[in-house]
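The values are calculated or read from the model by the stated rules, or taken from the named source; none is laboratory data. None of these values were measured; they are calculated from a predicted model. Ideal geometry is used to build each Cβ from the backbone, glycine not excepted, and the neighbour counts take in all protein chains shown.
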Amino acid sequence: MHQRKCASFSIKALQALLRRFLMQHEVVTAYERGWALLSNGRLLDAAETDGFDLLVTTDANIRYQQNFTARRIAVIVLTTTSWPRIQRAADLVVQAVDSVPPGSYSEITIP
């Protein structure tokens, strides 16, 4: 496993809490980068331009709005915004972040 440069675009409180589980990676929020108002396509462009490997989001519609075939950045979608549920499934999130291939799209079903 190598350290990933991860951007997180989800509810602000959730972003900060994800850092606790992804400490071995560099986690930066879209809000911190000034990207909070960017559309999905522009957000992905900005993240790729700045060298990010991965975008973690709770926006399930991103898969229908973007073509990922030419992307270098991987995208992981968490299927809920509920922090207690994500916290209980933190191992699934960490495993996905650690193993996601470049340029791929994955959804993590949070029970």
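Quick look at the numbers
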quantity	calculated
Members of the range 86-104 found to be acidic (Asp, Glu) and either buried (at least 16 other Cβ atoms within 10 Å of the Cβ) or under 20 Å from THR29 (Cα atoms) (or both), listed by number	ASP98
Given (1) under 23 Å from GLN24 (Cβ atoms); (2) without any contact (Cβ under 8 Å) to a residue 24 or more places away in the chain; (3) of a type in the set (Phe, Trp, Tyr), number of the condition TRP83 does not satisfy	(2)
Counted residues, the range 57-80 - those being surrounded by 12 or more Cβ atoms within 10 Å (Cβ to Cβ), of a type outside the set (D, E, K, R) and modelled with pLDDT under 90	6
All positions within the range 54-63 that are touching a helix residue (DSSP H, G or I) at 6+ places or on another chain (Cβ under 9 Å) and not polar (S, T, N, Q)	LEU54, LEU55, VAL56, ASP59, ILE62
Search result, residues across the range 1-46 that are of a type in the set (Val, Ile, Thr), at pLDDT 75 or above and out of contact with any helix residue (DSSP H, G or I) (no Cβ under 7 Å at 6 or more places or on another chain)	VAL28
Close pairs from the range 22-50: first in contact (Cβ under 8 Å) with a residue 60 or more places away in the chain, partner of a type outside the set (Ser, Thr, Tyr) and crowded, with 16+ Cβ neighbours inside 10 Å, Cβ under 7 Å, at least 6 apart	LEU22/CYS6; LEU22/VAL94; LEU22/VAL97; HIS25/ARG4; HIS25/CYS6; HIS25/VAL97
All positions within the range 37-57 that are among the aliphatic types (A, V, I, L, M) and farther than 17 Å from ILE76 by Cβ	LEU37, LEU38, ALA46
Helices (runs of 4 or more DSSP H) fully within the range 60-99 counting 2 or more residues that are over 14 Å from LEU44 (Cα atoms) and of a type in the set (D, E, K, R)	83-88, 90-99
